[in-house]
Every structure is written in C-alpha cells, then in structure tokens.
1. Can you name the condition, by its number, that residue A:55 falls short on among (1) assigned to a loop (DSSP other than H, G, I, E, B); (2) farther than 24 Å from residue C:269 by Cα?
2. Quick check on the stretch C:555-568. Is at least one of its residues exposed (fewer than 15 other Cβ atoms within 10 Å of the Cβ), of a type in the set (S, T, N, Q) and touching a residue at least 40 places away in the same chain (Cβ under 8 Å)?
3. Can you tell me which of (1) aliphatic (A, V, I, L, M); (2) over 20 Å from residue B:21 (Cα atoms); (3) buried (at least 24 other Cβ atoms within 10 Å of the Cβ) is the one residue C:402 doesn't meet?
4. Being under 17 Å from the mean Cα position of the chain (by Cα) and surrounded by fewer than 22 Cβ atoms within 10 Å (Cβ to Cβ) is the filter here, so list the residues in the stretch B:199-223 that pass it.
5. Can you find even one residue in the stretch C:127-135 that is outside any helix (DSSP H, G or I) and within 24 Å of the chain's Cα centre (by Cα)?
6. Of B:102, B:90, B:83, B:50, which residue is at positive phi and either more than 9 Å from chain C (Cβ to nearest Cβ) or not polar (S, T, N, Q) (or both)?
7. Taking the condition of being aliphatic (A, V, I, L, M), facing another protein chain (nearest Cβ under 9 Å) and in contact with a Leu (Cβ under 8 Å, 6 or more places away or on another chain), how many residues in the stretch C:373-398 meet it?
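The values are calculated or read from the model by the stated rules, or taken from the named source; none is laboratory data. Quick caveat: nothing in here was measured; it's all calculated off a predicted structure. Methodologically, a virtual Cβ is constructed for each residue, glycine included, from the backbone with ideal geometry; neighbour enumeration extends over all protein chains shown.
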Amino acid sequence: MSQAMAGAMQPPFPAERGIEVYNKKLGMWIFLASEVMFFAALIGSYVILRFGATGAWAKPGIVLSIQITAFNTFLLICSSVSMVKAYAAIQDGYQDKMKFWLLMTILGGACFVGIQVYEYIHLVEHGFLPSGVREGSHLAELVENGTLPAATMGLYGSTFFTMTGFHGFHVTCGVISMLYLYLFKALPGKYSPQDFGGIEVVGLYWHFVDLVWIILFTIVYLV
Amino acid sequence: MHWWLPPQGSTFAPDIDYMFTAILVITGITFVGVELGLLWFIFAYRERPGRKAFYTHGSTKAEIIWTAIPAVTMVIMGIASNGLWVKIKGRNSVPANAYPIGVHAKQFEWWFTYPGPDGKLGRTSPALVAKTTNPTGLDPDDPAGHDDLVVRNQMHVPVGRPVVAYLTAEDVIHSFYVPEFRVRQDVVPGMEIKSWFEATVPGTYELGCSQLCGLGHYKMRAVVTVHTQEDYDAWMQRTAKEKGEPTS
Amino acid sequence: MTTVAATAQAAHAHHDDRSFIQKYIFSTDHKIIGIQFLFLSLFFLMVGGLLAMQIRWQLAYPGKPMPLGNLLPETMAPGGVLLPEYYLQLVTMHGTFMVFFAIMLLLVGVYANFLIPLKIGAHDMAFPRINMASFWSAFASGIVMLMSLFVPEGSSRAGWTMYVPLSARHDYSGAEFGQEMWSISIILFGLSSILGSLNYITTVINNRAAGMTWFRMPLSVWALFITAILGLLAVPVLAGAAIMLLFEQILGTHFFDPAYGGQPILWQHLFWFFGHPEVYILILPAMGMVSELIANGSRKPIFGYHSMVFAIAGIAFLGWIVWGHHMFVSGMNPTLGSTFMVSTLLIAVPSAIKVFNWMGTMWRGNLRFHVPMLHGVAFVAMFTIGGLSGIFMAATPVDMFIHDTYFIVAHLHYVLFGGSLFAIFGGIVFWYPKMFGRMMNETWGKIHFWLTFIFYNGTFFPMHIIGMAGHMRRLYDPTIYDFLKPMQPMNEFISICAFLLYGSQIIFFVNFWWSMFKGKKASQNPWNDNGLEWTTPSPAPHGNWDTLPTVYRGPYEFSAPGASEDYLPQNRKLPTDRDPVLSPAAGH
C-alpha cells in the first residue's frame, strides 16, 4: 500500500516514463508558459509604446505612489516566502505549521489586493484613468503646469491600468484558489507528506505571480 | 478579361513581373512534377490482387536531396529578391530628384497636394484639418505651402520622372495602390510614409484603396493621369488658375 | 504489477453508472467531448459557408437582390440587396467563424480530444474536468460570436484581422456592441484553447502506455502535440491583443490611437505574432491525419517517419519568426521585410519535405482508394498548390503587388480548404466507426469527394488569376473600378462554382447524420489499421480499455515481411518482440 502511495505523486503506471513530474505539476508549468506569453504581450506592448513615443514619459513617483507600492511588493515577496514555508512544512509532515503558513500567504495576498484596490481608488480620485488624465482633476493641473507630459499621459494610463489590473486579477485568482485549498483540503487534514500536490502546484502559480509583479514594479514604478 | 499581370506602367513593373514569372517557372515545374507524380503513382501502384506493397521506412539519401534542393533554391530566391526590395522600399530608395506629391487618405477619398512652382510641399498637421476648407491640414504658417495645389481624387504625374508620394492618413489605415505601377503602400494614421515610383507610359489609370477602411472602402477610387511633361505643365497652369493659386 | 491508480481506472471502466447528463452533456470523457466539438464545429462550418454564399452572390451580381434575401432584415439587405455594412460583416464573420470555430475546433477540439488518449494507450486525458471546461468555454464563445450578428448595428466588420483604428472606433466602422462581442468571444475562445493545450501536452508527455516511446507515436499525435505547444504560446498573445482592443472601446485606452502616441501597427504585430503560428495550428494536425490516411491507404509504412517528425517541429519553430510577412507593406521598417522574407522562404523547406515523403509513402505501395485515402491524396495535391503560391508572397517585391488581392485569398483557401478541410473530411470518415460504431456510406462518400474536389478547384483556382490581374479583397462592388469590370464574368463563374460546392456538402451532411443511425455496423478495425484505437471496440467504450495495451512497434508496419496480413497493430506481440523496459518501481 505504501508503495502505491509513494507512486501517487509520480506519473500514472504502468506507462512510459514521461517526465519525472506528476501530471498536476507538469500541467501547472505548462499553464504558466501560456501566462508568460500573455504578460509578454501586455508588457511588450508597454515597452514598445513607451520607448516609441515621441514625447517624454511621466517621471516616476509623480502619479504613482512608490512608497506604498514598495511596501506592497515587500508584502508579496513575504507571501512567497510563507508559501515556501507551508510547502516545506507539509513535506516534513507538520500539518499545523503548513496550515499557519498557508493562511499567512492568503492574508498576504489578500492585503496586496486590498492595497492595490485602495491605490486604484486613490488614483481615479486624483484623475488618473485608463484613458489618461481626467479634465479638471488634480493631475490635470499637473499636466497644465508642465509637471506631467500631456502627450503621453493617455498611453501611461492605458498601459498602467491594463498591466497592473491583469496582474491584480491573477493575484485574486490565486488568493481564491489558496482559500479553497485551505478550507477544503488543508483544514480537514487532507494533505500529507505523500500527497501535497495542491500546495506545490498553487505555490508554483503564486511564485510566478510574484515574479511578474517584481518585473512590473520595476518597469512601471521605478523606471 | 485579363489573364495575366496588368500592363506595365512604371520602371519597376518589368522587374517585379520578371520576378513573378521566374517564381512561376520554378513553382510551375514543381507543381507539374508533384501532380504528375501523384497521378502516375495512383495508376501504377493501385491495389490489384496478388500485389504487395514494398516495405521500406524511407531513404536518408532521398531526404538529403529533397531537403537540399528546396533549401538552396529558397536561399537563392531570397538573395535575388532582396536587391529589388531595397531598391523600391529601402530607407535610401527615394531618388534625390523625385517630384513630391502629398497623398492624404481619408474615409473615403484621396486628397493630392502638388508642390507648385517652388517644388516644395508645405507642412501639414492633423490638428489643422477642416473638412471643407482645409482637407489636408495644410499649415498656413509654412511659406512652402502657399503655392501648393490641393486636388480631390485626381493624381497627375509627369512621365519619365521619379515621383515620391508622401502618404498620410487621417483616420484609419488605407493603402495606396496603382496596379500598373505595381506600387502598393499602406497609409497609416500618425505616420508619414514615402513611396516612390516612376511612370513610363502616358495614359489614364486607377488608384484603389487596398486596405479595408470602412463602409466606403469599395469606392475609394482616384483617377491617375500620366502626362508628358508639357501636358503636365499645362494641366498645372490650368488648375492653378482655376484655384487662384500662383502659377509661377 | 498494477498500482492503485491503474486498478482504480480499470474499475471505472467496468462500472459506468453515470446519468445521461453526466454521460453525454457534462461529460468528462474525452471521446464524448471530441464528439461535442464535432457537432459544434460542423455547425459553424455550415454557418461560415452560408456567409460565404452571400459574399459570392454580391460579388457575382452586385446590387441585385439575393434569392431568399427578403428574409433578411432591412438593416442587412433591404429588398434583398445586400448593404455594404452587411457585406463587410459577412466578410469578417466568415473568416472568424471558419478560422476559429470551424477549422481550429475540427482539428484540435475534435481530434486532439478524440484521438490522443486512444492512440497513445491512455484511459482518458490527464485533466478530464479541465477538458470539459474547455468545451463549454468554446461553446459559450461560439454563442457570443453568433449573437453578435443579431445585435443592433450588427457584428464587427473590420475583417477577421481586425486592423485598428478601424476596429477600435465606432465612428470609423459603424459597429459598437457587435465589435465588443467579437473581443469577448475571442477571449473566451482563448481560454478554451489554452485549457485544451495544457491537457494535450501533459497527456502526451506523461500518459503514454508502456512501449509507446516518443518515436513510436503516430504522426497525428506528434502533430497534435506540437500544435498544442504552438497554441499554448500563441493564443495568449491574441487574448492580450483582444483585451487591449476591448479596452480601447470600453475604457477609452489609447494603445492604438496616434493622437495620443499610440501605434496602429502594434496591433498588427500582436495579431500576426499570434496569427502566423495560428495558421500552422490550422494545418499541422491535418498533416498528421493525412499521414495516417495515406499510410493506411498505401498499405505501406510512412516514408521518412523521423524526417516527418522533424519537419513538423521545423515548421512549428520557424512559424514563430515569419509573422512580418503579413506586414511587408504595412509601414513597418523595410529592413524587417528582408529578414522576414528569408525566414518565410525557409519555411517552404519542411513543408516540401512532407509532400515528398507522402509521395514516397505512396510509391510502390498497394494503393487502396477508400474515401479517406481519396481525401489524403487530394490534400497532398491541393496543399502543394497552396504552398507553392505562398512562395510568390514570400518574395517581398512580388508581395507588394499581390498583397490584399485575390491571389492571397486563393492561397489561403488552397491551404485551408484544399488542405485542412479535405484532411478533416477524410478524418471524419476514417474515425467515424470508432466514434459512432457505424460506417459512413462509401458510395456517397466518393460522390461527395469528387463533387467537392471539382467545384472547389472551380471556385478557388481562378482567384489566382483575378488576383494577378490586380483584383483587391473585401470589395463590396468591384465594378466601381474600370479595370475590374472585365473580370466580372470570372467572378460570376467563381460564384456559381461556390454555390455548387456548398450544395455538394449536403451529401456529406446527410451521409453523416443518416449513417449514425442507419449506417453499416462497424467492426473493431474496419480499415485494417495499426493504431491503438483500433484495438478497442467500435464505438470505443468509456475508459477505452480495461487493461491498457502494451506497445511493441511503430504505427506504420503495413506489409511487413513475415506478418500474416498487410498490417501489424502496435500492440500485437510477436515471438520476436521483447517487453518494453519500464522504469524501476518507485520510490519511484
């Protein structure tokens, strides 16, 4: 029985040896490849539009809040660390530790989304929209006095909201998935050192989402 | 009913047609070979009682031959084509003495700007476009544009002289296309694209929009007249007078 | 020897106590899902064809009322005379339905799903529920796209290529809600495609039966596997582009608006970066299927199996670096034109290799011209024409002249219809017994083939000629141009052939539906083929096999010396065969 259990994380059997990776994990890696292409399309378009634009681009920090977002980035990275700790815990059989760290990851992710939503509301109030700067708003004044370049604000808004919006959507999906696993798999004790695929697979997704954010934070907020 | 390429009306038409025909010969030989081969196999190797298929998994020698020959052919074709491509569309392809004509495309008509006696086109800007009074957005502050002639749906060019079209679009992507000249260039809003040609045969031709641009795409047609130099000057004088522009 | 997993799956095959809804509607069985895709895609094939008939009416008889045209609303065809707005909707939706909902679903949705587990010796796909989600999202996508024709102002009308700014602005195209629905439908379709791809790739990598090594896999599986990788990586780019287009309309973004620094050509780069791998998605599975049909019909192994695999991979790989050949005259930097020309010419090479290898397979074979073989050979003959016409376009100076003319329309229909659709018809007939347990009628199959072949060539070959003469695409009324007026008789000839072509498909559809209930009952292996799917009953049962087969040889051992018949299934163990070497038991 234990031999069969040990085989549960391996490819189906008897069969050809595929890759030494069980189906769910292989499936997640493959899915992430498609996500790379999706974000590449959005980020690639941003790069082309920004560096192809004839006017100057808004300087960092004027429209977007670097401090709050830096904290948010730190939070997301921490949640990746807690995810690794959850994974390590269940590999060694520590159920309570795994549940704790998984919960921390969920909270970290949820806070990230919450802060992003707060930021969006704040930006829209100040007049920053996917279509650019709203007339009569605070940011419109900055455009008028030359602090912000009129010619490229439309592109700035379009690219900012699309890239970060889809990233936020992906984080939200991740939080919901982890919550589902937490409530219906982790808490009832369905994971074990022989069967923790869900944790590993959602962990892969979570690290990917974190990596995309690090790229976005750098090229959208800092550059 | 025309069964071949249109009549040649520009200096690069013969070059393009020659390339077309050369490709037709190469692909034609391949086509005949493959189709006749298939027909032969269909008859020679059809199932008959007592016959057995010849059991083989292939031939490395055959693979090498039918990989190498197409590969070499394609490389040669690429090298041969590139020279002509660079000549027509390359960055420095526009001849120095080319006569400039502004071509402004909008839904669903073509506006041509002739440079007038000073030989220079005035600056245009999308912001200045006014439907009836300034269809091409000519900038009144640019002196080079004061003698420019703006004409709707009529392109007039002198024969035997390189002409460079400065292509601009007001709304969506259109495409500048004169079959006999073999010239085609998409016209993109936000860009000014140069497309040159040299007409060789006087006569009347048609310019068609060749990129779907909306409901009126099918009737976005202009008439192209290729004049001898004298006729061209005469037309220019006539039109300038009609429009009250300076003739010299 | 069996593990818990295998035993559980075998038990699943024995006790099938699923309800009707679980079995046939919300099924997770890859075969049922494949059949669901088949019904969905055949429906859209008919719809796409119907749209084409109206296009051809307008081109042959511009301004004349169309028969049954009075059934259309005033907004589309008052008095039965098609309006330009409706004509452009027809053109756009014909392309959209045919590319995505007909051909892509027929090749991938149907045959990746139906064939992969059967041909590699698996009980089902790696992720059966994700598979079901893939079907239902495609279904939803199709409904949205179909409904877009019926909203106020009608569907999108910017061509299936959706060039901006025309497609992005209501005031330029005249379409608003219909255009937004196009984007939404494509996003849903993208989701379906990606979910499918991840299933096919995982299953082929990890779920092959013992002895089914990579180089014993049938070419149809190789082709579907590589196609799935193409789709996985290309479709997300389309999804991204469609999202950007949707946002341009509903959120007022400015990605493509030059007044704000946006770039119209960016859309073309994104679209064609997807679009070119897409056309290989539309042909590679067909090529894979044709290999099965021709090997079977020739009673001979595939000539150059390894070359065929490398050619598929070569086409897929090169397909990523040729997208600019759709953009030679777009205003893109001309230097890029040179680089894309080279890569495009090179992609002719692996395609040529395949054609020669199919001919090599037929050479000295014992050719049996059953309906699938007829279609397979027709594929080779017609795809050759389509591929060769592509060479004209690859040469940039020539493309300058034939871009956006009917020469291109001829090319694309030769590869998609003469190529993909002929392969699909052959595949449908070939695998019909495994799907439905009956044979399609052979005589009517042959009649359908010949009528289709004749009228198809009558429709599309002359398009090369009018294209060479300069006839542009997407024209509501060609007679506006003096130089096009003399071509009207040819347009009329093409249209008449097209009407007869569409009419001939009735034979196929009647044969398809009638045979499902009244066709001759099929044996387990009616075509005397070697693939694993023929080692299980017709139709294949839930779970495919109780015990998974073991594989001892490649899939094309026809007319092997020493075999008692002219075929030798992959799983038949001869005294000279050894058992496959399996991985040692786990820890693994």
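1. Unmet condition: (2).
2. no
3. That leaves (2) as the condition not met.
4. B:200, B:201, B:204, B:206, B:221, B:223
5. The first filter runs over the stretch C:127-135 and keeps only residues outside any helix (DSSP H, G or I), leaving C:127.
Going one step further and asking which of them are within 24 Å of the chain's Cα centre (by Cα), we end up with C:127.
Within the stretch C:127-135, one or more residues are outside any helix (DSSP H, G or I) and within 24 Å of the chain's Cα centre (by Cα).
6. B:50 is the lone residue from the list that is at positive phi and either more than 9 Å from chain C (Cβ to nearest Cβ) or not polar (S, T, N, Q) (or both).
7. Residues of the stretch C:373-398 that are aliphatic (A, V, I, L, M), as a first pass: C:373-374, C:377-378, C:380-382, C:385, C:388, C:391, C:393-395, C:398.
Subset that is facing another protein chain (nearest Cβ under 9 Å): C:377, C:380-381, C:385, C:388, C:391, C:394-395, C:398.
Right, trim to in contact with a Leu (Cβ under 8 Å, 6 or more places away or on another chain) and you get C:377, C:380-381, C:391, C:394-395.
Qualifying residue count, the stretch C:373-398: 6.
Rundown of residues vs (1) out of contact with any Ser or Thr (no Cβ under 6 Å at 6 or more places or on another chain); (2) farther than 17 Å from residue C:348 by Cα; (3) in a helix (DSSP H, G or I), yes/no style:
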position	(1), (2), (3)
B:48	yes, yes, no
B:56	yes, yes, no
B:65	yes, no, yes
B:84	yes, yes, yes
B:93	yes, yes, no
B:100	yes, yes, no
B:113	no, yes, no
B:116	yes, yes, no
